[in-house]
Structure formats: structure tokens, C-alpha cells
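The values are calculated or read from the model by the stated rules, or taken from the named source; none is laboratory data. Note that the coordinates shown come from a computational prediction; the quantities given were computed from them, not determined experimentally. With ideal geometry, Cβ positions are generated from the backbone for all residues, glycine too; neighbour counts draw on all protein chains shown.
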């Protein structure tokens, strides 16, 4: 035997060793046909099949309870049950671990094929058309489909397990918010009261310098209280416990309230704060206190992140069809980097400082709460921004006509 022959044999041997191993269960009471199928499958060039045979469904069930298979081939006619009944029985036993199945029959009728499909069989073969190529191809396809299905099933289980864990962790976080908020608010309120007593001189005279320090303490207490209230409120939004009751309201009243509240901070920084609106705007369907909360946050942030000499404006623009009113808050502040725009409404997310490094960040809850409130009003907040140029937040509110106002009246 020459070197070339030895080399070819070595390549073939190596290829045989690399074939994936599979275990096949063949349910067939015809021993000659069992021998034929085993011979065909041993000649498979893709897989290295180990074939275990059973002559009845009961024997197959017993084998399946103790062994694992990559594919099951079953005759349509068995001594005790039909092949499709065998498939259903084995599936009851194995559940998600059920491998792919192939049904073959001597008759090859349409009824048998339909019955095989209804039982969940992967393929159906007529015995008279079975040869080495067709059987190996059918088994190869069934093994691959079974492996993919099993992989998908395992992945789904992993995702379900992960989802259950996330739900549990989220529930724990919500309970933590409630517990901490309630536990802290009581002593915090007491601290505020005692500091106020000292600050107001009810516990004795104090110097101006001491009063200034106490003012800082009161402001800090107020800030902590606000942050805990935000945590509780966001928790209620996320658990679906927060709703809004809309009614016709004047947008002018809402904007005036918010701008007046923000004016002292704007004046202190030399910022031009104004309202740009149209005359005779229709009423909007809102819960006014909630929209005031949203606009106060947007305007407050705009003033906070705009430098001296800049401007902040709140504007209203009626849609062409008159069915909605677009509210926008625009500033000439430091702007938001593009990498942060998709995250600024996330809970507890804080924008990385760009230009204004002197501004102390909050807890990252205001925009998240504002987004939830606008969502409950059937809209969403959009944002456009350029670093160093400014930012514009916008959202739409549904308008109502005169007939709706008369109905309310």
C-alpha cells in the first residue's frame, strides 16, 4: 500500500472521529427493517449514530425513562399502539426534553401523514421510499432541529429565570424606597421643627451668623425631604398606582404659576425668563397640578443650567388641526451631550457635566417623574440639545372645544 493510500485512510479516519455522536431510538417490530435502518445510519457521513431499538411502545417508554436520545424513529403501526400515540406518550414522559421524531409507514397514506403532523412529528417517511441517503438526511435534519429547539427552550428558561429575578429585585427596591422614606421622614420632620425653633429665636437670641448656618440646615432638610418624596412618587408610578384625573384647564394659568415661581432664581442669575404664547388658546385636558410639576421641573432645570445673561422661554404652539397644544421649554444653557440624550429620563440617571461644572447634580429623578406624568397624559417628552448652545424640551397636550367646556360646566 503506497503513501497516498495511507494518507487518504488517515484523513477518512480523522473525519470519522470528528463526526458528532448521536443516540437514536428506533421503535420497530420488524427485525429485518431494524437491521436495514441500522446499516443505513451507520453509513452516515455527517453523524456517528448509535441506534437503540424497541419493538413496542411500552419497551420504548421504559428505555426513554433511563436514556437520552437525539431523535426517535417510529413505525406508524406498532403491536400495542400506533406510532403517533407512542410519540404522545413519550412526550408526556419527557416534557421539554422530548427529541425530534420521524414516523414511517408501509402504507404511506395521507391519513397517516396528517396524523403524524398532528402528533408533532418532525418528518414522515414512506418505508418503500427509504434508502440510505433519504434516511440519513431525514435523521440529520431532525437532530439539528431538535438541538435548536432544545437550545431555544433552555434559553427561554434562562430568560424566564432572569426575569423572575429582576422582578424580585425591583420589588425589593420598591420596598426599600418605601421603608427608607417613611423611616427617615419622621425624624427629618422633627429636625426641621427643632432647627426652625432655634432659627426663629424661640429658644433664645441668636446671632446673624448662626441664623445663616441654620438657614443652610433648613434648606438641606427641605432638599432631603423633596428627594424622598420623589422616590416615593416614582415608586408609585412604576407600580401603576399613580393616575391622573384630567379636566379642561387654561394653559395660561399653568405657565404663569410656573414662571412666577422660577422668577427669583432667574433674576438672581441675570437670566431673561419669559413666556411666548398665542392669543385665545383653547383649554387643555390635564391635571393642572401635575403639569405644573412637569413645567416647574423643566423651567427649574433650564434656569439651573443656564449661565448669567442667558435666556429661558416657555412657549405654546397650537397644531394645525387644533387638536393639540405643543408646550416647549427652551434655554441657552450648557446643553446635553448626544450620548446622554437617550438616558436622561432614566431613573436615577445623572448627566455628566459638560460646560457647567459648578452646578451640583440632583438625584436624577425629576425628568423621570416628568416623563411618567406626560405619559399618563397620552404624550411623551422630546428633547433637542447642542452642547454649549442650549436645550429644548417639548410635549403635546390634548385640547378641548367649547362644547366640552359647556358639558363640564
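May I ask you to say which residue of 120, 95, 83 is touching a helix residue (DSSP H, G or I) at 6+ places or on another chain (Cβ under 9 Å) and on the phi > 0 side of the Ramachandran plot? Every option except 120 fails the conditions.
Each row is one residue, and each column tells you yes or no for (1) without any contact (Cβ under 8 Å) to a residue 12 or more places away in the chain; (2) under 37 Å from the mean Cα position of the chain (by Cα); (3) not assigned by TED's automatic domain parsing to the domain that holds residue 178.
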residue	(1), (2), (3)
213	yes, no, no
218	no, no, no
222	no, yes, no
226	yes, yes, no
232	no, yes, no
255	no, yes, yes
260	yes, no, yes
264	yes, no, yes
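Here the stretch 258-295 is the region considered, the condition is being assigned to a loop (DSSP other than H, G, I, E, B) and modelled with pLDDT of 90 or more, and the residue that is surrounded by the fewest Cβ atoms within 10 Å (Cβ to Cβ) is 270.
For the stretch 266-281, the set of residues classified as touching a residue at least 40 places away in the same chain (Cβ under 8 Å) and out of contact with any helix residue (DSSP H, G or I) (no Cβ under 8 Å at 6 or more places or on another chain) consists of 276, 278, listed by residue number.
The criterion of being outside the structural domain of residue 324 (by TED's automatic domain parsing), more than 30 Å from residue 172 (Cα to Cα) and free of Cβ contacts under 8 Å to residues at least 60 places away in the same chain holds for residue 205. In a residue-by-residue description of the stretch 386-409, the property of being at pLDDT below 60 and part of a loop (DSSP other than H, G, I, E, B) applies to at least one position.
The conditions of being surrounded by 12 or more Cβ atoms within 10 Å (Cβ to Cβ), without any contact (Cβ under 8 Å) to a residue 12 or more places away in the chain, outside the structural domain of residue 371 (by TED's automatic domain parsing) and touching a helix residue (DSSP H, G or I) at 6+ places or on another chain (Cβ under 8 Å) are not met by residue 191.
Being part of a helix (DSSP H, G or I), at negative phi and under 41 Å from the mean Cα position of the chain (by Cα) holds for only one residue in 198, 184, and it is 184. Of all residues in the stretch 39-54, how many are part of a helix (DSSP H, G or I) and buried (at least 16 other Cβ atoms within 10 Å of the Cβ)? Within the stretch 39-54, residues that are part of a helix (DSSP H, G or I) and buried (at least 16 other Cβ atoms within 10 Å of the Cβ) number 2. Exactly one condition in (1) exposed (fewer than 15 other Cβ atoms within 10 Å of the Cβ); (2) closer than 30 Å to residue 217 by Cα is not met by residue 199; state its number. Failed condition: (1).
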